[in-house]
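The values are calculated or read from the model by the stated rules, or taken from the named source; none is laboratory data. Nothing here was measured: the structure is a model prediction, and the numbers come from that model. We place every Cβ from the backbone using ideal geometry, glycine too, and count neighbours over all the protein chains shown.
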Amino acid sequence: MLVQGTLQLPGDKSISHRAIMLSAIANGVSYVKNLNDGADLQSTINILKDCGASIQQRDDKIVINGKELHSPSNNLDCGNSGTTTRLVAGLLASQKLTFSLIGDESLSKRPMKRIITPLTAMGCKISSNNGLLPLSIDASDGISAIDYDMKVASAQVKSSILFSALGGNNVSSINEIIPTRNHSEIMLKNMGALIGSEGSKIIVHPLKSKLNSIDISVPSDPSSAAFFVALAVINNNSNLKLTNVLLNNTRIGFVKVLNKMNCLISKSNESIHNGEKVGDLIISSSNLKAIEVEPEIIPSIIDEVPILAVVAAFANGTTVFKNVEELKYKECDRLNAIIHNLEAFGIKAYEKNNDLFVEGGKVKKMPKITTFDDHRIAMAFTILSLTSFEKYELDNKQCVDISLPNFFNYLSEVTK
């Protein structure tokens, strides 16, 4: 199959969430272009509107008029979005609000104790379903400063604490042993917050005045780009260009992994926009070799492991992803979902001590893909099926709408 052409994908999901949330409490009018068009962002927008935010679509941009938020009269529905849940919890706590967060069946199984512990230490009164949604949070007594050691490498947990600390009574700090994506820090600094670092510690001061408004065009989502990068490297005679991609170092670990696997990927037109590195990716067909992916890089590629496991199925040898336990706590148990689907295609894959092993080999059969209602599993194994058989069958095609509603259209644009 020929993979050729040029694509510009929708805006990065992480930056889109943060831009909408922080603009809602900023001073004046903010403008956000190329917002991610997935369902998760709609959950964030609806929640903020329920708390009194002014958010409108105007032509090709979202216009947010910053104002005082209020405690909502109804439960706030986070849908399928862990980012919405954890970041909104911190943001609304900083505004000293009282609110309840609910979600769909999948989100209601995801661990929330990781934010309950620090937010409780900061003065929030929180009740939960044994560490799961629904969460009821009362921050009306105000937020205390915290010096917190991160227990799990999670940008969502870090951002929840940072957002909450904006309303704190003193300076807070977070000790982050393994660095995670730093979009919150970059955006807060750009919007006038006093935030910095000392070694592995992130120091954040409470706001003395409101954040500044922003005018931002969100660069394309690298996690979405990863599916098309993979499509190009595992097919013959590929030549694909992805434009205006977010190239933040904490987000392109998958490119480093693929380069190590002998993939031909180059960058061009690099520049800085709103503190974030942006550029184009040029990808060609590659002869793949198996590697060992060290645990230190896993937090920066946790969303890309499903598609990297698909690439590993085409590599020469056994690829090992070390310490991927966190995959079990995503939209589904992604570790199980990856192994299940690889084996269904006839590729040997297994887990041992929270490490994932994928033996490169020949795809033997075309099964119906079991998505587990997970957008990244659906997209990853569509790439595998399309490459091997030039067709695919999924048990739930709609779940891709969570992050990339036009995924199948983009595929048809670049495959011949």
Selection from segment 89-102 of residues that are touching a strand residue (DSSP E or B) at 6+ places or on another chain (Cβ under 8 Å), closer than 14 Å to ILE116 by Cβ and in a helix (DSSP H, G or I): ALA89, ALA93
Residue count for segment 21-43, restricted to those that are closer than 23 Å to THR243 by Cα and of a type in the set (Val, Ile, Thr): 1
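I'd like to know if segment 119-133 contains one or more residues that are touching a residue at least 24 places away in the same chain (Cβ under 8 Å), of a type outside the set (Asp, Glu) and farther than 28 Å from GLU198 by Cα. Please lay out each step first, then the result.
The first filter runs over segment 119-133 and keeps only residues touching a residue at least 24 places away in the same chain (Cβ under 8 Å), leaving 119, 121-122, 124, 132-133.
After this cut, where a residue has to be of a type outside the set (Asp, Glu) as well, the list is 119, 121-122, 124, 132-133.
So of that shortlist, the ones also farther than 28 Å from GLU198 by Cα come out as 132-133.
Looking for residues that are touching a residue at least 24 places away in the same chain (Cβ under 8 Å), of a type outside the set (Asp, Glu) and farther than 28 Å from GLU198 by Cα, one finds at least one in segment 119-133, hence yes.
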Segment 344-384: number of residues that are in contact with a strand residue (DSSP E or B) (Cβ under 6 Å, 6 or more places away or on another chain) and free of Cβ contacts under 8 Å to residues at least 12 places away in the same chain: 1
Residues satisfying the stated conditions in segment 16-42, i.e. touching a strand residue (DSSP E or B) at 6+ places or on another chain (Cβ under 7 Å), within 23 Å of LEU101 (Cα to Cα) and of a type outside the set (Val, Ile, Thr): ALA19, SER23, ALA24, ALA26, ASN36
Criterion (free of Cβ contacts under 8 Å to residues at least 60 places away in the same chain and either in contact with a helix residue (DSSP H, G or I) (Cβ under 9 Å, 6 or more places away or on another chain) or closer than 15 Å to ASN235 by Cα (or both)) met by exactly one of ASN274, ASN262: ASN262
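Just one of ASP280, ASP221, ASP215 is acidic (Asp, Glu) and closer than 23 Å to SER154 by Cβ; which is it?
On the way: ASP280 fails: closer than 23 Å to SER154 by Cβ; ASP215 fails: closer than 23 Å to SER154 by Cβ.
Answer to the check: ASP221.
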Unmet requirement for ASN65, which otherwise passes all of (1) surrounded by fewer than 22 Cβ atoms within 10 Å (Cβ to Cβ); (2) within 30 Å of SER284 (Cα to Cα); (3) more than 17 Å from the chain's Cα centre (by Cα): (2)
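Mind telling me which of the residues ILE186, ILE234, ILE252, ILE216 ends up being of a type outside the set (S, T, N, Q) and out of contact with any helix residue (DSSP H, G or I) (no Cβ under 6 Å at 6 or more places or on another chain)? Can you show your working first?
Details: ILE234 fails: out of contact with any helix residue (DSSP H, G or I) (no Cβ under 6 Å at 6 or more places or on another chain); ILE252 fails: out of contact with any helix residue (DSSP H, G or I) (no Cβ under 6 Å at 6 or more places or on another chain); ILE216 fails: out of contact with any helix residue (DSSP H, G or I) (no Cβ under 6 Å at 6 or more places or on another chain).
Of ILE186, ILE234, ILE252, ILE216, the one residue that is of a type outside the set (S, T, N, Q) and out of contact with any helix residue (DSSP H, G or I) (no Cβ under 6 Å at 6 or more places or on another chain) is ILE186.
Take the residues in segment 239-256 that are part of a loop (DSSP other than H, G, I, E, B) and crowded, with 23+ Cβ neighbours inside 10 Å, then tell me which one is farthest from the chain's Cα centre (by Cα). So that I can check it myself, show each step before the final result.
The initial filter retains those residues of segment 239-256 that are part of a loop (DSSP other than H, G, I, E, B), namely 247-252.
Restricting the remaining residues to those that are crowded, with 23+ Cβ neighbours inside 10 Å gives 251-252.
Working: ARG251: 9, ILE252: 12 Å.
By that ranking, first place goes to ILE252.
Grab the helices (runs of 4 or more DSSP H) fully contained in segment 296-381, keeping just those with 3 or more residues being assigned by TED's automatic domain parsing to the domain that holds ASN259, within 29 Å of ARG114 (Cβ to Cβ) and modelled with pLDDT of 95 or more.
Details: elements: 298-301, 305-312, 334-344.
By residue number, 305-312, 334-344.
Please work out if ALA139 is over 27 Å from ILE297 (Cβ atoms), in the same structural domain as GLU68 (by TED's automatic domain parsing) and of a type outside the set (Ser, Thr, Tyr). Before the answer, list the steps.
Numbers: over 27 Å from ILE297 (Cβ atoms): yes; in the same structural domain as GLU68 (by TED's automatic domain parsing): yes; of a type outside the set (Ser, Thr, Tyr): yes.
The answer is yes for ALA139.
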Looking only at segment 378-411, and only at residues there that are buried (at least 19 other Cβ atoms within 10 Å of the Cβ) and among the polar types (S, T, N, Q), the one that is farthest from ALA225 (Cα to Cα): SER388
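Conditions tested, residue by residue: (1) touching a Leu at 6+ places or on another chain (Cβ under 8 Å); (2) at pLDDT 95 or above.
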site: LEU133; (1), (2): yes, yes
site: ILE137; (1), (2): yes, yes
site: SER140; (1), (2): yes, yes
site: LYS151; (1), (2): no, no
site: GLN156; (1), (2): yes, yes
site: PHE163; (1), (2): yes, yes
site: ASN170; (1), (2): no, yes
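Just to be sure before I move on: is PRO306 surrounded by 15 or more Cβ atoms within 10 Å (Cβ to Cβ), under 22 Å from HIS375 (Cα atoms) and out of contact with any helix residue (DSSP H, G or I) (no Cβ under 6 Å at 6 or more places or on another chain) in the structure I sent? Outline the logic, then answer.
On the way: surrounded by 15 or more Cβ atoms within 10 Å (Cβ to Cβ): yes; under 22 Å from HIS375 (Cα atoms): yes; out of contact with any helix residue (DSSP H, G or I) (no Cβ under 6 Å at 6 or more places or on another chain): no.
Spelling it out, it is not the case that PRO306 is surrounded by 15 or more Cβ atoms within 10 Å (Cβ to Cβ), under 22 Å from HIS375 (Cα atoms) and out of contact with any helix residue (DSSP H, G or I) (no Cβ under 6 Å at 6 or more places or on another chain).
Given the criterion at negative phi and buried (at least 21 other Cβ atoms within 10 Å of the Cβ), identify the matching residue among LEU35, LEU7, LEU2, LEU97.
From the options LEU35, LEU7, LEU2, LEU97, the qualifying one is LEU35.
Residue check: is ASP59 surrounded by fewer than 20 Cβ atoms within 10 Å (Cβ to Cβ), touching a strand residue (DSSP E or B) at 6+ places or on another chain (Cβ under 8 Å) and among the acidic types (Asp, Glu)?
Values: surrounded by fewer than 20 Cβ atoms within 10 Å (Cβ to Cβ): yes; touching a strand residue (DSSP E or B) at 6+ places or on another chain (Cβ under 8 Å): no; among the acidic types (Asp, Glu): yes.
In short, no.
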Scan of segment 139-156 for residues that are within 23 Å of LYS330 (Cβ to Cβ) and exposed (fewer than 13 other Cβ atoms within 10 Å of the Cβ), ordered by number: LYS151
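Identify, from the list LEU107, LEU87, the residue that is closer than 24 Å to ALA145 by Cβ, in the same structural domain as LYS210 (by TED's automatic domain parsing) and buried (at least 17 other Cβ atoms within 10 Å of the Cβ).
Numbers: LEU107 fails: closer than 24 Å to ALA145 by Cβ.
Result of the check over LEU107, LEU87: LEU87.
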Residue within segment 166-186 that is within 24 Å of SER217 (Cα to Cα) and among the hydroxyl-bearing types (Ser, Thr, Tyr) present: yes
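Mind checking whether some residue in segment 180-188 is crowded, with 17+ Cβ neighbours inside 10 Å, in contact (Cβ under 8 Å) with a residue 60 or more places away in the chain and of a type in the set (Lys, Arg)?
First, the residues of segment 180-188 that are crowded, with 17+ Cβ neighbours inside 10 Å: 180-188.
After this cut, where a residue has to be in contact (Cβ under 8 Å) with a residue 60 or more places away in the chain as well, the list is 180-184, 186-188.
Restricting the remaining residues to those that are of a type in the set (Lys, Arg) gives 181.
Checked against the condition, which is being crowded, with 17+ Cβ neighbours inside 10 Å, in contact (Cβ under 8 Å) with a residue 60 or more places away in the chain and of a type in the set (Lys, Arg), segment 180-188 yields at least one hit.
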